[in-house]
Every structure is written in structure tokens, then in C-alpha cells.
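First the structure, in the form of C-alpha cells, and then the observations on it.
Every read-out reported here was derived from the displayed coordinates using simple, explicitly stated rules and does not represent laboratory data. Treat the numbers as computed from the prediction; the structure is a model and nothing was measured. Cβ atoms come from the backbone with ideal geometry, glycine included; neighbour counts cover every protein chain shown.
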Ligand code: NDP
Ligand code: 8X3
């Protein structure tokens, strides 16, 4: 059997870590990236060095990204699937109170790093008639208070996905965005600067999406027959739905 290889960014936690487990269970090799090298090593210990290759670098460091990818051993260098998952939200306050440095970190990670790694891997993906799955969010379609730049960055990811798809027409490369709603990962811990109580409170009683649910969605998209493309997949917990517009009345 011809073993396929996925490169999954943000593999140290949440959706990315669960996707590593899912693809290895399905017989794929995985290049797993993230900043926390100790967590990447745990994935290697769990699955074996012949299945998981760790690449520890900060997605915002283009030189480190280029060097890591250029240094991939031959058996992991032929990437068939890029899962652009690394990303984050920082802050929950309205735009007028937000920290500009946090906005820039979200743009650098969720947008600039995502397009950089995509650009780097496109030649390989085209050569192999591969696939790209971009992890966007419902925050890119439904505005909510405090979503500001995070939502804007995910709207970019969703639209970039559809434009990539148009440009890659005829290459056989599949491009999809997965747009999850509320999912319990380390996402809220990161967003709140480590506030476990806030994270627990947000997910309490919701029966939120799990990391495994999203990993299964990515697996399904990537293993459909090659003539099918999922353009976008929006997923919410049953207990979450959209709730309309607000009106301010002058005094
Ligand atoms: P987690 O916080 O659990 O995981 C985020 C991952 O992104 C980590 O592996 C982290 O690795 C990586 N990452 C963040 N910044 C960088 C960086 N500068 N360089 C390298 N890696 C980085 O959250 P989720 O699993 O929930 O998030 C995964 C994706 O899903 C994100 O794009 C998020 O926006 C999106 N999403 C999440 C939803 C949710 O409700 N949880 C819903 C919709 C979308 P490390 O810290 O080791 O570098
Ligand atoms: C994460 C989902 O609704 O918290 O992208 O923004 S939400």
C-alpha cells in the first residue's frame, strides 16, 4: 500500500493532536508541528518515529518554518495533505478595549503563517494531487462581541480556502475549510490567558464539540473518493445556534 503523509500544524493540543491520532490510526504518516517540543515528542513516543515526525517551530518564524520543512527526512517529505490547524484567539473584550499586540499575534498566526506554509507546500501538493484542509471557525461567519480580529482572521481563512480552490482548478488538489463552533480544547485557556475557571464555565452543560469530533471530520474529508471536494463544513454542538441581531435605542 502507498502510505500517505499528512502535515498537521498545531499538533500539540486539541484538534491537531486528535487529528494526529486519527491519521496514524488510519495508516498514514504524520508530520506534527507546534512550539511545544515535549508534546510533539509524546506523540512520537505514542505512535513511533516511523509514523510521526516532530517539527518544533513557531509558525510566525518564516525562516524556522522553511528550515524545518526543508530538513524533512525523505520518508516524510512527500506531503499529501496539509491540515492548517494552528491558530488562536486572544482576548474577549470589545475592539475599543483590545490589545493591539494580541490582534497582531492572531493575524500573524491565523493568517500570515497559514498562507506562508500553504505557499511553501503548494508545489508538492500539486505534484501529488494532494489536499488542504483549513481550520476556520463559525466566528468567521457569525459576529459576536469580542470576536473582532479573531472572527476577521477566520473569515480570511474561509475565503482564502474558496479562492485557493478556484486557482487550483484542474490540478486535482482538493481544498476544504472546516468551520467548527464551540469545541472544548485548550482554546479558551489560551484565549483567557490561562483562566481554567472561565474555560470550565464556558463549556459547562453545553456538551460541546470534542477534538475527536473534528479529527473525524478532517479524516472524512481527506479520505473521500478523489472526485469529491467538500468546500466547507460548518459544525456546531446541538446546544449552540445563531441568535440574530442587536438594536441600540437612543435615550
Ligand atoms: P488549542 O489551543 O488546543 O490548540 C492550538 C494549537 O495551535 C496548539 O497545538 C498550538 O501549539 C498551535 N499554535 C498556536 N500558536 C502557534 C504558533 N505561533 N506556532 C506554532 N503553533 C501554534 O486549540 P484548538 O485545537 O481548539 O484550535 C485549533 C484550531 O481550531 C485553531 O485554528 C482555532 O482557531 C480553531 N477553532 C477552534 C474552535 C474551538 O472552539 N476550540 C472552534 C473553531 C475553530 P503550541 O502552543 O505548542 O505552539
Ligand atoms: C472558536 C469558536 O465561537 O468561540 O473559533 O469563536 S468561537
Residue count, the stretch 118-142, condition touching a residue at least 60 places away in the same chain (Cβ under 8 Å), within 17 Å of the chain's Cα centre (by Cα) and either more than 10 Å from ligand 1 (Cβ to nearest atom) or surrounded by fewer than 23 Cβ atoms within 10 Å (Cβ to Cβ) (or both), comes to 5
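Each row is one residue, and each column tells you yes or no for (1) touching a residue at least 24 places away in the same chain (Cβ under 8 Å); (2) surrounded by fewer than 15 Cβ atoms within 10 Å (Cβ to Cβ); (3) out of contact with any helix residue (DSSP H, G or I) (no Cβ under 7 Å at 6 or more places or on another chain).
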{"residue": "211", "(1), (2), (3)": "yes, no, no"}
{"residue": "216", "(1), (2), (3)": "yes, yes, no"}
{"residue": "219", "(1), (2), (3)": "yes, no, no"}
{"residue": "230", "(1), (2), (3)": "yes, no, no"}
{"residue": "251", "(1), (2), (3)": "no, yes, yes"}
Find the residue count for the stretch 143-189, including only residues that are within 22 Å of residue 226 (Cα to Cα), within 16 Å of ligand 2 (Cβ to nearest atom) and in contact (Cβ under 8 Å) with a residue 60 or more places away in the chain.
2
Tell me, please, whether a residue that is crowded, with 20+ Cβ neighbours inside 10 Å, more than 16 Å from the chain's Cα centre (by Cα), within 25 Å of residue 116 (Cα to Cα) and touching a residue at least 40 places away in the same chain (Cβ under 8 Å) can be found in the stretch 34-50.
no
